[in-house]
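I have placed the structure first, in the form of structure tokens, so that the comments after it can refer back to it.
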Amino acid sequence: MEKEGLIMNRKIEQMIQLVHSVRPLIMDECMSHDITVKGQADFVTKVDTAVQRFLQKELYKLYPDVQFMGEEDHMQNVDFSKPVWILDPVDGTTNLIYGYGHSAVSLGYYEEGHISGAVIYNPFTEETFYAVRGQGAFFNNRPVRVTGNKALKDSLIAIGTSPYNKEMAPANFKSFQRIFEQSLDIRRSGSAALDLAYVACGRLDGYFERNLKPWDFAAGSLILEEAGGRVTDFQLGPVDVSSNQDIIATNGWIHEELQSLLPGLTSEDCARQRHQR
């Protein structure tokens, strides 16, 4: 176990170095305004593709036997019985396009049924969140823990609007109103990875969103759990990085209270409705 820990520590150092090295690509305004529309409210820029190509190439040099799954090529030919890198090259692409300054590179290392190492990096603020399973969570090399707020009324909650699935809006906005009325306040940032990291470091008490992709939550889920928090699906079951998930992420104390206010359609229900139309 000690040897495995040393190996993972070395991996996390390499992961941090690599994600830091893409900052010049992300700060390139010309590439951030070279945009392709993938779908409703779903964009890719030259930054997304350049960052993914670079990191995929560098990770392959270091670990040629580890599979790669990135947002811009989805889940092609990934065998989850073997190790996998899970990358979101730019989580918060719409924020990037608008110069909002709130986007992140999210990189997780998956093996033996769980994420073992994770890094989330915001190049605009130069903030780095990372974790190794069993060793705690860190923000710019300082240990972090979730908040101790034990009631939703005292809690700041981030919401995700599932912008690619506008058919979820009626159910989503009913939930947002319920949470707003019973919490301290709500926030909407446009980056799932940073929302998870913010719960981990105590800037938020909770976060939820439907139909997140694996690269949206893979790294952040480990960082939050290592900070003492809790991540589940909407039915309080474990999350699965091999498929899209409806995610609740909290400091642990308010988890069931938040979940109790989230009835309504799941992403699977909405997918069935789309099929039936």
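Structural remarks
- Heavy-atom accessible area per residue - the chain, 1.4 Å, Å²: 46 Å²
- Here the Karplus relation 6.51 cos²θ - 1.76 cosθ + 1.60, evaluated at θ = phi - 60°, turns the backbone of the range 112-125 into coupling constants of 6, x, 7, 7, 9, x, 8, 9, 10, 10, 9, x, 6, 9 Hz, with x for every Gly and Pro.
- Each residue of the range 16-29 is assigned a 3J(HN,Hα), and the resulting list reads 4, 4, 5, 5, 5, 6, 8, 3, x, 5, 5, 7, 7, 5 Hz, derived from the Karplus form 6.51 cos²θ - 1.76 cosθ + 1.60 (θ = phi - 60°), x at Gly and Pro.
- Residue-by-residue Karplus 3J(HN,Hα) for the range 156-164, coefficients 6.51, -1.76, 1.60, Hz, glycine and proline x: 9, 10, 8, 10, x, 8, 6, x, 7
- Bins of 10 Å from zero: percent of alpha-carbon pairs in the range 127-223: 16, 44, 32, 8, 0
- When Rg and the Kirkwood Rh are both derived from Cα coordinates, the Rg/Rh ratio for the range 164-213 amounts to 0.97.
- Distance violations [Cα-Cα > 32 Å] among Lys11/Lys150; Lys46/Lys166; Lys11/Lys153; Lys46/Lys150: Lys11/Lys150; Lys11/Lys153; Lys46/Lys150
- Rg/Rh for the range 51-116 (Cα atoms only, Rh after Kirkwood) is 1.02.
- Note on Glu126 and Met27: the model spin-label points, each 7 Å out from Cα along the C-beta direction, lie 0.8 nm apart.
- Net +/- balance of residues flanking Gln14 in space, Cβ distance below 11 Å, scoring K and R +1, D and E -1: +1
- Relative contact order of the chain, pairs being alpha-carbon contacts under 8 Å that are 6 or more residues apart, as %: 16 percent
- FRET efficiency for Leu184 and Lys82, using Cβ-Cβ distance with R0 set to 41 Å, rounded to 0.05: 0.40
- Loop-exposed GluC sites (Glu not before Pro) per DSSP, neighbour cap 16 Cβ within 10 angstrom, longest uninterrupted part of the chain: 127-277
- Separation of the Gln135 and Lys57 label points, Cα + 7 Å toward Cβ, nm: 2.9 nm
- Fraction of the pair-distance distribution of the chain above 32 Å, Cα-Cα pairs, percent: 19 percent
- Pairwise label distance in nanometres, Arg142 with Gln14, each label 7 Å out on the Cα-Cβ vector: 3.0 nm
- Choice from Gly206, Gly108, Gly136 with maximal GNM fluctuation in the chain (Cα, 10 Å cutoff): Gly136
- Accessible surface of the chain [probe 1.4 Å, protein heavy atoms]: carbon and sulfur percent: 51 percent
The values are calculated or read from the model by the stated rules, or taken from the named source; none is laboratory data. Predicted model, so just to flag it, every value in this text is computed and none were measured. With ideal geometry, Cβ positions are generated from the backbone for all residues, glycine too; neighbour counts draw on all protein chains shown. Note: accessible area is taken over every heavy atom of the protein model, side chains too, but ligands, DNA and RNA are not part of it. Shrake-Rupley method; radii C 1.70, N 1.55, O 1.52, S 1.80 Å.
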